[in-house]
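To keep things clear, I will list the structure first and then write my remarks on it.
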Amino acid sequence: MLDAARTTGRARRLGAGLLLALGLTASLLAPGAARAQEEGPVQLSGTLKKLRETGTITLAHRLDSVPFSYLSAQGQPIGYTVDLCVLLAQRLGERVGRELQLRWLPVTAASRIDAIVSSQADLECGSTTSNVERQRVVAFSPTLFVAGTKLLVKRGSGIRQFRDLGGRSAAVTAGTTNEQAMRDLARRFRVDVALQASPDHEAALGQLLAGKADAFATDDVLLYGLVARHRLQGGYTVVGDYLSYDPYAIMFRKDDAQLAAAVEEGVRELAQEGEIERRYKRWFLQKLPGGPALGLPMSAQLESLLGALAIRRE
């Protein structure tokens, strides 16, 4: 799919990253320490300095953003973004030249930005949209997924698009770009839809399943994930055109130049090695833990973005 040149000399490190992503170990190997010694001492600042001093990195994760960041049956954080965050954290360990311990911090859509701004977490590993408004207060990695707002409705409801919500209600997750998109569209097109904000995706889905809302509006990929996880294919369907454009990325603290450079370099390495593509296949094309496969091929937009990342800089 991506034909850029890739390196293959990181098997030991990638294998360790997989174990970490599955929650089987809480440490990150740092084979980059030798490289750091060869290059000489580096004057670290900000987050990287803290990582070297504490030997710990805190990863914020979601509880119900299938298949990006959610809990396994054993209560461990798993998912596409979780996998990539663990591998990225490993590279940050290389950068600071020491073994890093992983700490996990659960967050919601409403609390995730504050967790980064307040330094409770160093990286946020969820399904977070990178947009201009959020970039005023936090920073983002290169784009790792492209999604957009759609509607989940009960089959036979008569709802096929946004305008069909006139006189009806729709559940949204508080603190998401989907909530704002729905409010903006309702105002712009004068659609009389009652929006019901819930604290998380599961609660919003519960409003729809209980008949308390006529639709649930969130990113299409999250809707497909929830439908698969709860085995709702027979009774519910995703409908409508895209109501927003949502590029997902890993979130971290703003105004930290060393961290920003390390995150971008780490993501580029993952793209060059084909690791992002492999993780995509794992979470979007293969069977999910405890559920069926989503069967979502990589979009042309994401393939193009990853192809650009995989181009080596001279």
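The values are calculated or read from the model by the stated rules, or taken from the named source; none is laboratory data. These figures come from a predicted structure and were not determined experimentally. For neighbour counting, all protein chains shown are included, and Cβ atoms are generated from backbone atoms with ideal geometry for every residue, glycine included.
With a requirement of 1 or more residues that are more than 18 Å from Y70 (Cβ to Cβ) and touching a residue at least 40 places away in the same chain (Cβ under 8 Å), the helices (runs of 4 or more DSSP H) lying completely within segment 173-241 that satisfy it span 177-188, 201-209.
If I filter segment 258-314 down to residues being farther than 17 Å from P67 by Cβ and not in a helix (DSSP H, G or I), which single residue comes out as modelled with the lowest pLDDT? Outline the logic, then answer.
First, pick out the residues of segment 258-314 that are farther than 17 Å from P67 by Cβ: 258-274, 300-301, 303-314.
When the remaining residues are screened for being not in a helix (DSSP H, G or I), the result is 273-274, 311-314.
On the way: E273: 95, G274: 95, I311: 89, R312: 73, R313: 62, E314: 51.
So, considering only residues that are farther than 17 Å from P67 by Cβ and not in a helix (DSSP H, G or I), the one modelled with the lowest pLDDT is E314.
Kindly indicate which of R168, R183, R187, R229 is surrounded by 15 or more Cβ atoms within 10 Å (Cβ to Cβ), among the basic types (K, R) and over 20 Å from the mean Cα position of the chain (by Cα).
Numbers: R183 fails: surrounded by 15 or more Cβ atoms within 10 Å (Cβ to Cβ); R187 fails: surrounded by 15 or more Cβ atoms within 10 Å (Cβ to Cβ); R229 fails: over 20 Å from the mean Cα position of the chain (by Cα).
Criteria check complete, one pass: R168.
The residue that is nearest to L44 (Cα to Cα), among those in segment 60-97 that are in a helix (DSSP H, G or I) and of a type in the set (D, E), is E94. Per the conditions (1) in a strand (DSSP E or B); (2) surrounded by fewer than 17 Cβ atoms within 10 Å (Cβ to Cβ), the sole criterion not satisfied by I57 is (2).
Out of the residues in segment 254-280 that are under 16 Å from the mean Cα position of the chain (by Cα) and among the charged types (D, E, K, R), which is nearest to L302 (Cα to Cα)? This residue is E277. Evaluated against (1) under 24 Å from R282 (Cα atoms); (2) in contact with a Pro (Cβ under 7 Å, 6 or more places away or on another chain), T108 falls short on exactly one condition, (1). Within segment 206-222, the residues that satisfy the criterion of being over 10 Å from V153 (Cα atoms) and either crowded, with 24+ Cβ neighbours inside 10 Å or of a type in the set (A, V, I, L, M, F, W, C) (or both) are A210, T218, D219, V221, L222.
Quick check: anything in segment 264-272 in the same structural domain as V86 (by TED's automatic domain parsing), surrounded by 13 or more Cβ atoms within 10 Å (Cβ to Cβ) and over 19 Å from L123 (Cβ atoms)? Looking through segment 264-272, at least one residue is in the same structural domain as V86 (by TED's automatic domain parsing), surrounded by 13 or more Cβ atoms within 10 Å (Cβ to Cβ) and over 19 Å from L123 (Cβ atoms). Count of segment 106-119 residues, restricted to those that are touching a helix residue (DSSP H, G or I) at 6+ places or on another chain (Cβ under 8 Å) and surrounded by fewer than 15 Cβ atoms within 10 Å (Cβ to Cβ), is 0. Using beta carbons and a limit of 7 Å, which pairs, at least six apart or on different chains, have the first residue in segment 54-70 and under 17 Å from R231 (Cα atoms) and assigned by TED's automatic domain parsing to the domain that holds L259 and the second one assigned to a loop (DSSP other than H, G, I, E, B) and charged (D, E, K, R)? From segment 54-70, the pairs are D64/D200; Y70/R62.
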